[in-house]
1. Could you work out [θ]222 nm for the chain from helices alone, using -39500 (n - 2.57) per DSSP H run of at least four and dividing by all its residues? Round to the nearest 500 deg cm²/dmol.
2. Output the 0 to 90 degree angle, nearest 10, between the alpha-carbon long axis of helix 474-497 and the longest principal axis computed from the alpha carbons of the chain.
3. Rounding to the nearest 10 and keeping the result within 0 to 90°, find how far the Cα-based axis of helix 67-78 lies from the longest principal axis of the chain.
4. Which residues in the stretch 279-300 have a backbone N closer than 19 Å to a point placed 7 Å from the Cα of ARG177 along the Cα-to-Cβ line?
5. Given Cα pairs under 8 Å that are at least 6 residues apart, what percent is the relative contact order of the stretch 386-497?
6. Which whole-Hz ³J(HN,Hα) couplings does the stretch 175-191 yield from phi under the Karplus relation 6.51 cos²θ - 1.76 cosθ + 1.60, θ = phi - 60°, glycine and proline marked x?
7. How many percent of DSSP beta bridges within the stretch 386-497 run antiparallel, rounded to 5?
8. Only four residue types carry charge here, +1 at the Cβ of Lys and Arg and -1 at the Cβ of Asp and Glu. Report the dipole size of the chain about the Cα centre in Debye, rounded to the nearest 20.
Amino acid sequence: MAEDVISLGEKLSRSAEMMPNERAVSCRETELTWSQLDVSANRVARALQALGVKLGDLVTIGLPNSVEFVQACWGVWKLGATPQPVSSRLPRAELQGIVDLADPPIVIALPGMETDRRRFDVSELLKICEDDSPLMSCTAPVCTAMTSGGSTGRPKLILSGKPGSTLAKPAIQSFYRLGRGDTALIPGPLYHTGPFSSAKEALASDAQIVLMPRFNAEDVLAEIERRRATWVYLVPTMMSRIWRLPEEVRTRYDVSSLKTLWHFAAPCPPWLKEAFINWLGPDTIMELYGGSENQAGTVITGREWLEHRGSVGRVSWGEIKIVDDEGSILPHGEPGEIYMREIEGRSYAYRGAMARTLPGGWESLGDIGHFDEDGYLYLADRRTDMILVGGANVYPAQVEAAIDEHPLAISSAVIGLPHEEMGSCVHAIVQAHPSLSAEMLLAHLAERLVTYKLPRTIEFVAEPLRDEAGKVRRAQLRDERIARKEGDRHQSEKLSGS
């Protein structure tokens, strides 16, 4: 390993020596200094070692956002093992399926989150070993093992192709625009790649992190003001909920400390992006497109976006090409499937899934998009989510963006349902304020969408359609509605037969 690169565990120890009494991590009123985080991570690592965790093992972590989550991860890294985070609210069957894939010696979780493996929470681990001296420095062969259900809902693990290491002396300003003196606010769930990577990169860059137990739109603004946060990671769903706060609430808080807002993980509707650029300034807003697989990705600044409205940026690392169904490269402006390729090394490995590939090392995440003549990438939707209406392609994300632009809409999911004549029809599932009617929404959409993209049916629901990370499982929503319709048909036949 090069001299300027050290393990994440060693980096934490060095940061603790450099700034022992400065705050490293906080969540609500619980705070840890760099020294406190380091010594507690040492104790966790020694406890894990006593329980049989070895170099290279995966350790499943099912904790809510908390300082304990960070203690657990760095304890795992100090031992040279790999954190494998999952939602703390997983039902037992789904959790067991992930544990079967990860094969961890133990699971770090709160009581009630049980599997066929031994379970400990952080307080129990800290009681096992009171020795807080550092272990011999070692580097995890695999830095992270993130969980993804994908569109099928079947679990898969995405094992990082990078080791658990970082720069011994972080750059003054890292790729993520983080450094010592920055305060990074992370309101998203740490079991998702975006929030997890943000927290790891912030601490590895000597910035302090502020975690939120759950996302709340007004609380985000209050925490920015209270902590004088300079950096925040959001997803478009969060941005939408913040923007839809009453203006007197949104402008009540002083957010002038904010220098960088990153958003990724889901497409951002252009109207919402523009609203944030106008509010916080084009130099504050940053967007990244890529997958947890990290083969390649794009980046765009707010200022660039104003010149290339709707784009997710130019290729920043790796290679990206757009191809047709035969695998041939498409010209600028023509949408096709996005394929990515690493330039150096291997960025990930799947466990429980196979990549969609083309010869030459090209892989697809299932997204559709196109390049413009300047090399800026524009996304349409996922290949598996595209709706074919009478031979015409309808991309759900475009319809959802138009729906979500209505001031009474809260969130939406658009799916295709079987239709005898057209093959499929567009069905919109909308969480909205009670005063929004289907007629009002259709009138709004008619000004923004061509006729064949308009929803044929609209279903209003009370519950949120996206999780805390802004993800929606359209395939699951579609299957549920098809099953419900089939059940209604059978019941109708049964009644008419009687």
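1. The helix contribution divided over the chain gives -9000 deg cm²/dmol.
2. With both axes taken from Cα atoms, the answer is about 50 degrees.
3. Value to nearest ten degrees: 70.
4. Residues 279-290, 297-300 fall inside that zone.
5. Values: 153 pairs, mean separation 27.6, N = 112.
RCO, the stretch 386-497: 25 percent.
6. 3, 7, 6, 10, x, 4, x, 7, 10, 9, 9, 10, x, x, x, 6, 7
7. 70 percent
8. 860 debye
Readers should treat all values here as calculations from the given coordinates under stated rules, not as data from a laboratory. Predicted, not measured: the structure shown is a model, and the values here were computed from it. We place every Cβ from the backbone using ideal geometry, glycine too, and count neighbours over all the protein chains shown.
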